[in-house]
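No value in this document is a laboratory result; all are computed from the given coordinates. The structure displayed is predicted, hence computed values, not measured ones. Using ideal geometry, Cβ is built from the backbone for each residue, glycine included, and neighbour counts are taken over all protein chains shown.
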Amino acid sequence: MHPASSVIVFTTLSGVGYGLLGWLGLYAAAGLLPMQPLFALVAMLVGLGSVTVGLLSSTLHLGHPERAWRALSQWRTSWLSREGVASIVTYVPALLFGIGWVIGGALRDWLMLIGPVLTLCAIVTVICTAYIYRSLKPIPRWSNGWVVPNYLALAAMTGALLLAGLARVFVVPLSGIDILAGVAVIVALVLKLGYWWSTDRAKAISTPESATGLGAIGAVRLLEAPHTSENYLLKEMGYRVARKHATKLRIIAVMLAFLVPLALLIAAWQWPMLALPFTVVAPLIALVGVLTERWLFFAEARHVVTLYYGRRLDPAA
Amino acid sequence: MTSLPHTRGTARLGLVIDLDICVGCHACAVNCKEWNTGGVAAPLTDLKPYDADPDGVWFNRIHSYEVNGEDARTVHFPRSCLHCEEPACVTVCPTGASYKRAEDGIVLVNEDLCIGCKLCSWACPYGAREYDLDAGVMKKCTLCIDRIYNEHLDEAARVPACVATCPTSARHFGDLGDPDSKVSQLVREREGYDLMPEMGYKPTNKYLPPRPRQRDAASIGAPALEPLPQAGGLLGLIDRLLSG
Ligand code: SF4
Ligand code: SF4
């Protein structure tokens, strides 16, 4: 599938933002949220800011962005629509939470209650995003049980890393955030490796033979394509990344998204003197890693329509 | 509304395509383009049509395959929207632009609602939806809805443009929801099948398989030819030299 940068930025940044907001809600629920207005303001701005930039970026690839509001109407059947609705609904607890946390006042006493609502909304929104892809049967690398846990884990991981960095910058006690971030990195890494392991081995259920129904006669090979140059289908659905590039990019993604941030967290714990730069750099590197991972998520996915163009889906093919 | 219609008429309008007959002339694709670039989904934009790298919206694409095996052959294969009974292209649409008609099962796009998110084209296993970069909306086969119900046309012409033009009559149009219709009978007789049934989209359009190849020529009752006598002389020498 064509890796459109608007969609890569959208899924990555909204993941970061909802991850961050989700953790803040949990800290509030546990009564462990530090009441520090400046930290509160920056954390909320970063969280809501990433979510908002992500959502705006998702409208960039639309043919008619001015009609984007229409996408909220079909939540009964469409995961894209549900994602839109969930993301807008999430602004309500997020803004109440932010106001209560930054300004205090009457809302402050409610943080323990608004927090879990915010976390729940953030999780639901990330699940909806993941289901946009997970529900597409013609794309086997997306239509499997690994996709939703991967999106959730990567959101939780990037959010936790960012929160750990912010807490360090503002010198606020956020008990256990470094450990939570470390655990989230390990869980996300395991899930990503599991995704690759499983999708690399999945046997293709559709073939040029089943696509044309000519398998009873024999093996099907494209003799003549319908058109001489690439059309929309091949540009959008037929994107291919060379295997050796994909392998290199996977290594880069694993290093930047997981291993380097984890090493930085451990180093920060080992050498408290350098904890500040290490914990601040970790989420930034992870972000580059997750952008690479997300690029691969698109570029490596194959669509069954390419079977009509004589290609096969098996990763080996 | 992207929910599939809850109450449905019995009609399932669609095409039956005979892979035994199709000669891969692309006439159906050309007439489809011709009609529809002036029809309800008009225009079917072409980008750089006179360049080395033309790209444009077509509703019908003709592939040619080589099928290997005992009964090897070339098969020409027209591919267009199958007007599925379980079209995820419709249910994924966030705006309600994509819909399936309750009365006849035709799947359409309302271009005034479409935001051009392209998700429906990702959801179609058959590559039946092509995005119009110029108009910013999704386009697809309408089963020539502006012909089949068009009372300004002669009754015989009220069939999709592809069916009307096929010089070999490899394409048939009719109601596949009616078990007694000609198309339904044809599907029964010739064991018409669904493309990629494993996807679960339940296509309405059916394909008729190529008939088994005839291995021996039929006897026509003519006597076998006599072998030619060997030519002698100079001509015979040249003949022997050349065929040696
Ligand atoms: S062929 Fe594709 S576009 Fe047509 S109804 Fe089926 S899924 Fe939808
Ligand atoms: S491109 Fe248009 S018709 Fe297709 S899913 Fe998006 S809004 Fe619906």
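Under the rule of -39500 (n - 2.57) per DSSP H run of 4 or more residues, summed and divided by the residues of chain A, what mean residue ellipticity at 222 nm is obtained, to the nearest 500 deg cm²/dmol? Please report the intermediate quantities before stating the final value.
Details: 11 runs with 203 residues, N = 317.
Taken over chain A, the calculation gives -22000 deg cm²/dmol.
How big is the equivalent ellipsoid of the protein assembly as shown along its three axes, where each semi-axis is √(5λ) from the Cα gyration tensor, reported in whole Å from largest to smallest? Don't skip to the end; give the middle numbers.
Working: eigenvalues 644, 173, 67 Å².
Semi-axes from the Cα gyration tensor: 57, 29, 18 Å.
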20 Å Cα-Cα reach of A:Lys244 towards lysines, excluding residues that sit fewer than 8 places from it in its own chain: A:Lys192
Options A:Leu313, A:Ser73, A:Leu45, ranked by Cα towards positive dipole end of the protein assembly as shown, top entry (Cβ charges): A:Leu45
Degrees separating the helix B:233-243 axis from the principal Cα axis of chain B, which is the longest one: 40
Amide proton proximity set for B:Ser98, modelled H, under 5 Å, gap of 5+: B:Asn110
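Taking the Cα centre as origin and putting +1 on Lys and Arg beta-carbons and -1 on Asp and Glu beta-carbons, what dipole magnitude results for the range A:5-309, to the nearest 20 debye? Provide the component values of the computation, followed by the final result.
Details: 21 positive and 11 negative charges, 119 e Å.
Dipole magnitude for the range A:5-309 comes out near 560 debye.
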Check: the protein assembly as shown dipole with +1 on Lys, Arg Cβ and -1 on Asp, Glu Cβ, in debye: 1440
Over chain B: helical MRE at 222 nm, DSSP H runs n ≥ 4 each giving -39500 (n - 2.57), nearest 500: -5000 deg cm²/dmol
Convex hull per residue volume in Å³, alpha carbons only, for the range B:25-144: 139
Nearest-ten-degree value, helix A:260-270 long axis tilted from longest Cα axis of chain A: 20
Reachable aspartates and glutamates from B:Lys206, criterion Cα separation under 12 angstrom, eight or more residues apart if same chain: B:Asp18, B:Asp175, B:Glu191, B:Asp194
Partner aspartates and glutamates for A:Lys235 [C-alpha distance under 16 Å; skip if fewer than 8 residues away on the same chain]: A:Glu300, B:Asp46, B:Asp53, B:Asp55, B:Glu130, B:Asp132, B:Asp134
P(r), alpha carbons of the range A:1-116 - 5 Å bins starting at zero, rounded %: 2, 12, 19, 21, 16, 12, 10, 6, 2, 0
Whole-Å distance, taken between Cα centres, linking the range A:112-167 and the range B:36-87: 38
q = 0.12, 0.25, 0.27 Å⁻¹: log10 I(q)/I(0) that the Debye formula gives for the range A:76-145, counting C-alpha atoms only: -0.42, -0.98, -1.06
Of all DSSP beta bridges in the protein assembly as shown, antiparallel share, percent nearest 5: 90
Degrees, to the nearest 10: A:79-102 long Cα axis against longest axis of chain A: 10
P(r) weight above 32 Å for chain B, C-alpha pairs, percent: 32
Radius of gyration and Dmax over the Cα atoms of chain A, both given in Å: 21.6, 76
Inverse mean reciprocal Cα-Cα distance (Kirkwood Rh) of the range A:216-307, Å: 16.3
Alpha carbon Rg of the range B:1-82, scaled by the compact-globule rule 2.2 N^0.38 Å: 1.45
Sequence-distant residues sharing a close amide H with B:Trp58 (under 5 Å, placed H): none
Dipole in debye (nearest 20) - the range A:183-308, about Cα centre, beta carbon charges: Lys, Arg +1; Asp, Glu -1: 240
